[in-house]
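J.: What follows is a single structure, and I will ask about it in a moment.
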Amino acid sequence: MTDEASRLDTIWRQLWRPRPVWMTGVMLFCFYMTFIYMPFDMFIKPVEQDEEVWFGFVLHGWYAKATEPLHWAIYAAGAWGFYHMRAWMTPWAALYTMQVAIAMLVFSGTDPRGAGWVPGLIHAAVFTGLASALWFGRHHFGSQH
């Protein structure tokens, strides 16, 4: 096997290494956000159309653009951490996912585009379940820091 083929084989095995299916889904979502959506959001989407949501509150325009690098860094860290199954993912991925759960509830109940408090509670419950799975799934991650 050539060096290049060996390297590609290692990448492929690392990508599909044994991890729960839901965790692979979260990793692939992080890859999508890191390499496709966030570059589009940062460099192609016009400032006047830009929106970022933090804890359920929507930032617009330049305020949104200013926080995009933080979202990008979070997704890149998630992609790297899930790909290599780093132990530090357990607390941080769970905490960020809880922030998303809170954001779902607050956005649904307060933003005119939101679906209301009851659907927001359902969305928040789903993300709280994912946060719990991440928190209690620490045995899937290695001991590396």
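J.: Residues in the range 76-92 that are open to solvent by less than 20 Å² (accessible area, probe 1.4 Å) and more than 16 Å from Tyr32 (Cβ to Cβ): how many?
T.: Total satisfying the criteria: 3.
J.: Tell me which of these Leu70 doesn't satisfy, since it passes every other one: (1) open to solvent by 60 Å² or more (accessible area, probe 1.4 Å); (2) more than 30 Å from Trp12 (Cα to Cα); (3) modelled with pLDDT of 95 or more; (4) within 19 Å of the chain's Cα centre (by Cα).
T.: It is condition (2) that Leu70 fails.
J.: Any residue that is within 25 Å of Ala133 (Cα to Cα), at pLDDT 95 or above and β-branched (Val, Ile, Thr) - is there at least one of those in the range 30-43?
T.: Yes, the range 30-43 contains a residue that is within 25 Å of Ala133 (Cα to Cα), at pLDDT 95 or above and β-branched (Val, Ile, Thr).
J.: Give the residues of the range 37-67 that are open to solvent by 30 Å² or more (accessible area, probe 1.4 Å) and acidic (Asp, Glu), sorted by residue number.
T.: Listed by number, the residues that qualify are Glu48, Glu51.
The values are calculated or read from the model by the stated rules, or taken from the named source; none is laboratory data. Just so we're clear, the structure is a prediction, and the values are computed from it rather than from any experiment. Virtual Cβ from ideal backbone geometry, glycine too; neighbours counted across all protein chains shown. Accessible surface is based on the protein model in full, side chains and every heavy atom, while ligands, DNA and RNA are left aside. Shrake-Rupley method; radii C 1.70, N 1.55, O 1.52, S 1.80 Å.
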